[in-house]
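Novice: Pasting a structure here, questions to come.
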Amino acid sequence: MHEAPTVCGLILAAGLSSRMGEFKPLMPLRGKTLIENTVDSVFSGGAQSVVVVTGYRGAEVDAVLHWRYGTRVISVRNPDFANTDMLHSIQIGCRAMPECDAFFLLPGDMPVVRRSTFRKLLSARPANGVSVIFPTLNGARKHPPLVDAQMIPEILAFQSDGGLRQLWQRHENLIQTVSVDDEGVWIDLDTQQDYQSCKQGYEFVK
């Protein structure tokens, strides 16, 4: 019988929320903030610890995370959040990540991914060998991938305008997919319309 893997979460919350018109991480949803919903989903899915990369208004997010989770969440700052892409935040998060076997990668504005989706990804992880496992909905790859920690050195060294998508293209042989019945894997809250639709559909769904 194989030991259960040690799993972390990496959540990206450094952006300006410019399309939303409000600061997304601290917007209310289901009796708490949006960022808390996202963190809670990753913990419920099996992560032992979570790294959150902040930037814009980072001190406010840090305060919420520290109050709610204590040392279970590691908050790190991307000081160049206004001028860098998501890959830079991912690299900052990877450097701060505790030792683990694999990590879930999720934008902070995706608060309603189901626990069952994370669990399916974990169940699909091979006992031996490196893998990157994506959930798919209607055949399309979505977040959150479960990334083998052995990929971290290559992520840290990677430099490309194409971001991680280009890195995954180099490693198609490592990529696996798991079909899920979870609309949460494509619900990211970029605009007020996205937010209102999410509240209407998920406000009372735990």
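The values are calculated or read from the model by the stated rules, or taken from the named source; none is laboratory data. Quick caveat: nothing in here was measured; it's all calculated off a predicted structure. Note that each Cβ is placed from the backbone with ideal geometry, even for glycine, and that neighbours are counted across all protein chains shown. For the accessible areas, the whole protein counts, side chains as well, though only heavy atoms, and no ligand, DNA or RNA atoms are used. Shrake-Rupley method; radii C 1.70, N 1.55, O 1.52, S 1.80 Å.
Novice: Let me know the volume per residue of the alpha-carbon convex hull for the chain, in Å³. Display every interim value, and only then the final one.
Specialist: On the way: hull volume 25.0 nm³, N = 206.
Here the figure is 121 Å³ per residue.
Novice: Can you give the convex hull volume of the alpha carbon atoms of the range 67-185 per residue, in Å³? Numbers along the way, then the final one.
Specialist: Working: hull volume 15.6 nm³, N = 119.
Roughly 131 Å³ of hull volume per residue.
Novice: In addition: What share of the DSSP beta bridges in the chain is antiparallel, in percent to the nearest 5?
Specialist: Details: 9 of 32 bridges.
Rounded to the nearest five, the antiparallel share is 30 percent.
Novice: Cα atoms only: what Rg and Dmax, in Å, come out for the range 1-61?
Specialist: 13.8, 50
Novice: Which residue, Ser49, Ser131, Ser18, tops the fluctuation ranking in a GNM of the chain built on C-alpha contacts under 10 Å?
Specialist: Among Ser49, Ser131, Ser18, the largest mean-square fluctuation in the Gaussian network model of the chain belongs to Ser18.
Novice: I would also like to ask the following. Once neighbouring chains are kept in place and the probe is 1.4 Å, which whole percent of the accessible area of the chain is contributed by carbon and sulfur? Display every interim value, and only then the final one.
Specialist: On the way: 4950 of 10260 Å².
Summing carbon and sulfur atoms, their accessible area is 48 percent of the total for the chain.
Novice: Next up: How much length would be gained if the chain were fully extended between Asp80 and Ser44, taking 0.36 nm per residue of separation minus their Cα-Cα distance, in nm to one decimal?
Specialist: Working: separation 36, 0.36 × 36 = 12.96 nm, distance 3.08 nm.
Residue separation times 0.36 nm, minus the Cα-Cα distance, leaves 9.9 nm.
Novice: Then there's this: How much area per residue is accessible in the range 25-123 when the probe is 1.4 Å and only protein heavy atoms are counted (Å²)? Could the numbers behind the result be given before it?
Specialist: On the way: 4100 Å² over 99 residues.
Per-residue value: 41 Å².
Novice: Counting Lys and Arg as +1 and Asp and Glu as -1, each charge on the Cβ, what is the dipole of the chain about the Cα centre in debye, to the nearest 20? Present the calculation step by step, with values, prior to reporting the outcome.
Specialist: Numbers: 20 positive and 22 negative charges, 74 e Å.
Using only the charged Cβ atoms, the result is roughly 360 debye.
Novice: For the range 26-138, give the magnitude of the charge dipole about the Cα centre (Cβ charges: +1 Lys/Arg, -1 Asp/Glu; no others), in debye to the nearest 20. The partial results should precede the final answer.
Specialist: Numbers: 12 positive and 9 negative charges, 89 e Å.
Charge dipole of the range 26-138: 420 debye, to the nearest 20.
Novice: Which of the peptides 117-128, 91-102 is most tightly packed, and how do the rest follow, judged by the mean count of other Cβ atoms within 10 Å per residue?
Specialist: Details: 117-128: 15.9, 91-102: 17.9.
Highest mean packing first, the order is 91-102, 117-128.
Novice: For the range 136-167 and the range 54-82, what is the separation of their Cα centres, given in Å?
Specialist: Cα centres, the range 136-167 to the range 54-82: 23 Å.
Novice: Still on this structure: Report the label-to-label distance for Asp194 and Val130 in nanometres (one decimal), using points 7 Å from each Cα along the Cα→Cβ vector.
Specialist: It is 3.1 nm.
Novice: Oh, and also: Taking K and R as +1 and D and E as -1, what net charge do the other residues with C-beta under 13 Å from the C-beta of Val51 add up to?
Specialist: Working: positive: Arg72, Arg77, Arg95; negative: Asp62, Glu99.
Within the 13 Å Cβ shell, the charges total +1.
Novice: Name the residue farthest towards the positive end of the dipole of the chain from the options Val52, Trp168, Thr38, assuming +1 on Cβ of Lys and Arg, -1 on Cβ of Asp and Glu, about the Cα centre.
Specialist: The listed residue farthest towards the positive side: Thr38.
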